[in-house]
Amino acid sequence: MAECHPVGFQWVMEAKARGAKVIHVDPRFTRTSAMADLHVPLRAGSDIAFLGGIINYVLEHGKEFREYVLAYTNAAMIVSEDFADTEDLDGVFSGLDRKTHTYDMKSWQYEGRDVQAMAGDPDAQWTERTQGVREAARGEMHGSGGAQVSGDIRTDETLQHPRCVYQILKRHYARYTPEIVEQICGVPQEKFLQVCELLTANSGRDRTSAFAYAVGWTQHTVGVQYIRTASILQSLLGNIGRPGGGILALRGHASIQGSTDIPTLFNILPGYIPMPHAHSNEDLDTFIEADSTVKGYWANMRSYLVSLLKAWWGDYATAENDFCFDYLPRLTGSHSTYETVQEQLAGNCKGYFLLGENPAVGTSNTKMQRLGMANLDWLVVRDFSLIESATWWKDGPEIETGELRTEDIGTEVFFLPAAAHTEKAGSFTNTQRLLQWRHQAVEPAGDARSDLWFTYHLGKRIREKLAARSDDLERDRPIIQLTWDYPTKGEHDEPDAEAVLAEIGGWNAKGEPLSTYEQLEPDGSTACGCWIYCGVYADGVNQAANRKPGKDQSWVAPDWGWAWPLNRRILYNRASADPDGKPWSDRKAYVWWDAEKGEWTGHDVPDFKKTKPPDFEPEPGAKGPDALSGTDAFVMQGDGKAWLYAPAGLTDGPLPTHYEPQESPFENLLYSQQSNPTRQVVRHRENRFSPTGSEIFPYVLTTYRLTEHHTAGGMSRWLPYLAELQPEMFCEISPALAAERGLEHRGWATIVTARGAIEARVLVTDRITPLKVQGQTLHQVGVPYHWGPNGLVTGDAGNELLAFVLDPNTHIQESKALSCDIRPGRRPRGPALLDLVRDYQRRAGITDDTGQET
Amino acid sequence: MTAISGPAFGRDYENPQPRMGFFTDTSVCIGCKACEVACKEWNAIPEDGLELSGMSYDNTVGLGANTWRHVAFIEQRDVLADAENGDGGMRWLMASDVCKHCTHAACLDVCPTGSLFRTEFGTVVVQEDICNGCGYCISACPYGVIDQRKDDGRAWKCTMCYDRLGAGMEPACAKACPTDSIQFGPLDELRERARERVSAVEGARLYGDSPDDGVGGDGAFFLLMDEPEVYGLPPDPVVTTRDLPEMWRHVAKAAATLATGAVVAFLASRRK
C-alpha cells in the first residue's frame, strides 16, 4: 500500500501512530513492509491457503464473534442435501461439468429453496427456467452484491446441524492447518500463528481490524475467491459494517471505483444493474423478474433501471415502448478485453478505441495484443504521448523479430492527444466510494482534449451522420434518440461536467434534483443516470465538491466530498450495533437505535430503514425492503445476511478453495484437483503454458508496480522527474538465486516463460527471500511492469511474459503468479529471440495442450 | 548561540521572522520520493541523470546542483536470521536528505559576491543572479550539499523554498510529504517536537539538532534510526570556516613579527 498508494498510506501511518499494528503479507519486502510491525513473505499464488488457515484457526479455537455471526451472517442456514463439498469430491464441488468447465450451481442452494443468483450469474437461472438459449459464456450478468433468496429459510441457531453453513465451513477448512499453511505458502508456523493471534485479539466487541488488498489478490485464476476468503474471515470476526473494519480494495488508478460504478465493463450497467443477455423476446418485465431479488433493496431494480432508461432516452422512453429497454445492447457471451483480442485475431473485431490504455506493453501477453491490433481496420489511441500502442506497427518487437512487416499491416492508426487531469473537470470516486470533485486548473494545450469532450463530440457527429442518412432508422434509433444535449463552454466547446453529474444524480418529472434513490419510481416519472449515485446533485448542488476541512466537522467527516449511497461512509453499518440496536461497545459505537425517538441514529447515515426497530419481523409474504427484519443488516442481500457460504452468485464455487495457479512448480497438496476447474484458459499458439513442476521453469514470477511509475508507464516514463527515479527495467532476486544462476547485481538477466523472454537489469536484494515450500527451496523473481520501448526511460515489458488465463467470474488475468526461468545476460535480438522461446518450449515438452486440462 | 533562534542572526530585516527549519523524521519516511519530485517541480530543477544505480531504490544517489532533496534507501539484514525462513530481521531505512541551512554556514562565509545570504527566516539561499560561479562554497560545505551546474557554472542548492515562505506557504517537499516525515516550522517548535519523538521511538537518535555541534546546529535536522554514516551523513560535521579567525590571528601575528623584524632590521641598519 505504501508502494502503490503512498498518499492513502498516510492514514495507515496515522493509525500506527495511534497504536494500530500493521501486518504486511507479500512475497517481497516492500516499502509497506518497511513500515509494518510484521512482514510475512509467502509464495505468490497461495493466499487462499493462508487465509483459509486463519479461518480454520478461528473456528478451531472458537475465536469467531459468535453473537455477530449468529445475528448477521448465514452461519445457521441449512444447505441442500444435494450439495457436495471439495471434501467429498477431492477438490471440486457438486455440479461440475468437466466438458464445459462450468458448474451447475443448483446443488449449492439452501435446503428446499429456490435460490437465485443476483451477483455473479443471475442469467444462469434465466436459461434454466426458460430452457432457452445456451449462452456462449456464463456469468456475464455480473450485477451487484445481492443475491436472490425467496420464502422461509431453514436454520439451526445452535449451529450443530451437519448441513448448516457453519459446520460445512468448519469441515471445509479443517485441513487448512498451520502445518499445511507452512507447506503450501512457505510461512513458518510460528509466524502464521502470530498473525492469527494478532488478528483475532484485535477483533470483537471492542476492537476491529481492516484488510486492504489490491491486484495482488484479484489477478489470479481464483482472484474473486481470494477476496471471498477475506470476506468470510472478516464476517466471522465481526469486522464488517463497523468502524475500523472492512475489506478495502485499493484501486490502481484514480477513479477505478468510479469506472466500475458507472462501468467501463461490458457486463454491467450503471449502478451494478446486470447487462441483459440476448434472449429472444425478453421484455422489461421478464428481465426484472429474472434478475431482481424478492427481498432487500435489489427488489426495487425496476425503479433503478427505468430511471436509467429515462436518463438515456428521455421523452422517447415511455411505458408503451418498455422505456426503450430494447435499445440496450445485449450480451452474446463474454466480451472482456481478452475476448476482444481473440476476436481481433479472428478478424471479427475491426476497430479499437484505446483511451488511456496501452495494451502493447500494459496488458497480459503483449504479443497477442499487438498481433490483434495488427489485424484491425482502424485503431484510435488517445493518450498524452506516443505510447507503444500507437507505434508498434513501425517499431514493435514483432518488427524486430520479423514476424510483422510494417508494409503488410493494414491497420489505420489515429493518435489523438488527451487532456491531463488538471486540464479538465470531473469527479474521482475512490475505494471508499467517496466522490471528490476536481476543478479544471488550465486549458489543455494544443489539440489535447478531455475524454468527455471526445466522447460527446464524437457522439454528436455520429448522430448527425445517422440522422442525415436515415436508411436504417430501426437500427440507428437507439443512437439518434439518446439524450445528448449537454451544455458546452469555452473555446473548445467543452461539455459541462457538472451537467453530466446532475444527470447521474437524477431528477423528477418537474426536473428537480433528487436526494435519495428511495425517490426513484418504476413508472418513468424519475430519471437517474446511476441509482447508487442518486443525490450527488441534491438541492442542485454538486455535493462531490464539498470541502469542509476535517478539523471543522465530526470524525466521520460527512462534509468532505460525497460517498455513495446517500453519503453513507460505512456500508451495512446496522451491524455496528448489536441485534438489540445498541453499540457493541462504547469504543466502537457508530450507528444505533434510539428507542425514545424510534429511529436509527449515530455518527454516520444509518444503512437501514430509519424507523425500522431492531425487533421488527416482516409480514409473511412481504417483499423488497419491507421483507428485511430488524436484524437483516446486509440490506442488499437476498437474505439480509453476510455470506460465509455463497449459495449462488459465483461461477467457481460456494467456498474458496486452494488451487494452484495455472503455472506452478508445485502440485496441489490439498486435493488431486490441481487448479481452478472453471478457470478460463485461452488456447493459442502464442499463449502456451509451462507444465506443473517443470524443471525448465523452476521459479515463481510475480509482477508489480513501484511508487515511482504508473502502471505501464504512459504517465511516468515520459516525465523526467519520474523517469529519473526508476530509470531502467529491472528484476529483483535473492542473493541465493543470484548465486544459483550466476547473476550479478546491476548486470543483465534474461527472464523466460512459456510465451516469451525479456531482459532486465538485476537487483540482488535481501528483500526477496527464498521460501521453504513442500520441503524445497523456492525462489521468486520480482518483475515490475512499467517499461516499454518508448519514452525517456525504456526497457522490455513484463507483460511479454504473461498469459491469457483468467478468473472465470471477472475475466481478470493471472499476472501475479507464474513460472519462469532466469539466466544471465541480455536476450537474443531478432529471430533468435523466437528460437530461444521455442527451445524452452521444446525442452519443457510444451504443446498447445499443456495446461488445458480442467 | 543566543541568536540562532532569532531572525537572521541579528541582521536587520524590516519583518523579522522566527528561524524556520525542517525536521525530517526518517522513522515514518515511506520512500515515496514525493519530496524530490515536488522540489523539482516547484524550483524547475533539471533532470539529474537516467542511470540505474543499483543502490536499492535510490537512483538519485546524492544531493547536488540538480537534486535538492534526496531520499536514501538502506537495506539492512540481520545476518543471524534464517535466510530461508521468512524475512528474518530485514530492515529498510529511508531518509530524505536536504541542505542543512547551518547556523554557522561556511558556504555563506566564503562567498565573495554576497550571492549566498542569510534570509529573514534564518535560512541560507543562493541568489542565482549574483553568483559568479567561483565555487568556493562547494569545498566549504561540510555536508557536500551545494554544487555547480556543469552547463552554467553557478552554484545551486535548496532555498527552503524562499519564494513560498515569503508568501506564507510551506516548502514544496514538506507540503507533498504524505506521512509528515518532513515537517516544516519554527525551529524552536521543531526541536521541541523532535525531543518528544526521539524518546518515543526505540533506537532513534537526533542529528543536527544541537546548537553545540560543529555547525552550531542545523536549520534542517533529522531523526535517524541508525548512525549518520549509514545514511551517508558526516558523523561530526564542523563548519569549515571555524578556524579561520584563529588562522587569521596566526597570520596577523606572523605578519606582525615579520614586520617588527623588518623594522628592527631597518633601524639596526640605520644605526650603522
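FYI, it's all coordinate maths here, none of it is from the lab. Note that this is a predicted model, so its numbers are computed, not measured. So basically every Cβ, Gly included, is an ideal-geometry build from the backbone, and we count neighbours across all protein chains shown.
Between A:Gln774 and A:Asp322, residue separation times 0.36 nm minus the direct Cα-Cα distance comes to 156.7 nm. Annotation for region A:308-368: GluC sites (Glu not before Pro) lying in DSSP loop with at most 12 further Cβ atoms inside 10 Å of their Cβ are A:Glu320. For chain B, relative contact order (Cα pairs under 8 Å, six or more residues apart, normalised by length) works out to 24 percent.
For region B:11-77, report the translational diffusion coefficient in µm²/s to the nearest whole number, using Stokes-Einstein at 10 °C, 1.306 mPa s, and a Kirkwood Rh over Cα pairs. Can you show the working numbers first?
Numbers: Rh = 14.3 Å.
The calculation lands on 111 µm²/s.
Starting with the fewest neighbours, write out A:Lys551, A:Lys367 ranked by other beta-carbon atoms found within 10 Å of each beta-carbon. Provide the component values of the computation, followed by the final result.
Numbers: A:Lys551 6, A:Lys367 20.
Fewest-to-most Cβ neighbours within 10 Å comes out as A:Lys551, A:Lys367.
Less than 5 angstrom separates the built amide H of B:Leu116 from those of B:Gln127, all sequence-distant by 5 or more or on a different chain. Between the amide H of A:Trp564 and those of A:Leu435, distances stay under 5 Å, these residues lying 5 or more places away or on another chain, with hydrogens modeled in the peptide plane.
Dividing the convex hull volume of the alpha carbon atoms of region A:560-654 by its residue count gives 137 Å³ per residue.
Report, to two decimal places, the Cα Rg of region B:159-214 normalised by 2.2 N^0.38 Å (N = number of residues). Intermediate values should be presented prior to the final figure.
Numbers: Rg = 13.1 Å, N = 56, 2.2 N^0.38 = 10.2 Å.
Compactness ratio reported: 1.29.
Restricting the trypsin sites (Lys or Arg not before Pro) of region A:764-854 to loop positions (DSSP other than H, G, I, E, B) with no more than 10 neighbouring Cβ atoms within 10 Å leaves A:Arg829. In loop segments of region B:177-272 as defined by DSSP, the GluC sites (Glu not before Pro) with at most 14 further C-beta atoms inside 10 Å of their C-beta are B:Glu202. In this structure, the amide hydrogen of A:Thr73, modeled 1.01 Å from its nitrogen in the peptide plane, lies closer than 5 angstrom to those of A:Ala642, counting only residues at least 5 positions away or on a different chain. When only alpha carbons are used to place a centre, region B:95-119 and region A:262-284 end up 66 Å from one another. Sorted fewest first by neighbouring Cβ atoms within 10 angstrom, B:Val126, A:Val181, A:Val500, B:Val230 come out as B:Val230, A:Val500, B:Val126, A:Val181.
Note on A:Ser585 and A:Glu190: with the Förster distance fixed at 30 Å, the Cβ-Cβ geometry gives a FRET efficiency of about 0.45. Normalised by 2.2 N^0.38 Å, where N is the number of residues, the C-alpha radius of gyration of the protein assembly as shown stands at 1.02. Each residue of region A:512-519 was assigned a 3J(HN,Hα) from its phi angle through the Karplus expression (A = 6.51, B = -1.76, C = 1.60, θ = phi - 60°), giving 7, x, 8, 10, 8, 5, 5, 7 Hz with x at Gly and Pro.
Taking a quarter of the surface of the convex hull around the Cα atoms of region A:505-641, what do you get in nm²?
Working: hull surface 39.0 nm².
Projected area, direction-averaged: 9.8 nm².
Between A:Ala346 and A:Glu599, the distance separating the two model label sites (each 7 Å from Cα on the Cα→Cβ line) works out to 5.7 nm. Evaluating 6.51 cos²θ - 1.76 cosθ + 1.60 at θ = phi - 60° for every residue in region A:387-397, the Karplus couplings come out as 6, 4, 5, 9, 10, 3, 5, 10, 9, x, x Hz, glycine and proline recorded as x.
The HN-Hα couplings worked out from phi for region A:175-192 by the Karplus form 6.51 cos²θ - 1.76 cosθ + 1.60 (θ = phi - 60°) are 7, 8, 7, x, 5, 5, 4, 4, 5, 7, 8, x, 9, x, 4, 4, 5, 4 Hz, whole numbers, x standing for Gly and Pro. Taking chain B as a Gaussian network of alpha-carbon nodes connected by springs under 10 Å, the highest mean-square fluctuation of the residues B:Ile146, B:Ile130, B:Ile138 belongs to B:Ile130. For the protein assembly as shown, a simple Cβ point-charge model (Lys and Arg +1, Asp and Glu -1, everything else neutral) yields a dipole of about 2780 debye relative to the Cα centre. Net charge in the neighbourhood of A:Asp848 (other residues with Cβ under 9 Å of its Cβ; Lys, Arg +1, Asp, Glu -1) is +2.
Please find the FRET efficiency linking A:Glu14 to A:Ala467, where r is the Cβ-Cβ separation and R0 is fixed at 51 Å, and quote it to the nearest 0.05. Walk me through the numbers on the way to the answer.
Details: r = 56 Å, r/R0 = 1.10.
Once the sixth-power term is evaluated, E becomes 0.35.
Give me the percent relative contact order of region A:575-654, please, defined on Cα pairs under 8 angstrom at least 6 residues apart. That works out to 17 percent. Can you work out the base-10 log of I(q)/I(0) for chain B at q = 0.08, 0.11 1/Å, using the Debye formula on its C-alpha atoms alone? Log10 of I(q)/I(0), two decimals: -0.39, -0.66. Here the calculated FRET efficiency for A:Leu482 and A:Asp104, from their Cβ-Cβ distance with R0 = 35 Å, stands at 0.35, rounded to the nearest 0.05. Shown for A:His161, A:His253, B:His70: other C-beta atoms within 10 Å of each C-beta, ranked fewest to most, produce the order A:His253, A:His161, B:His70.
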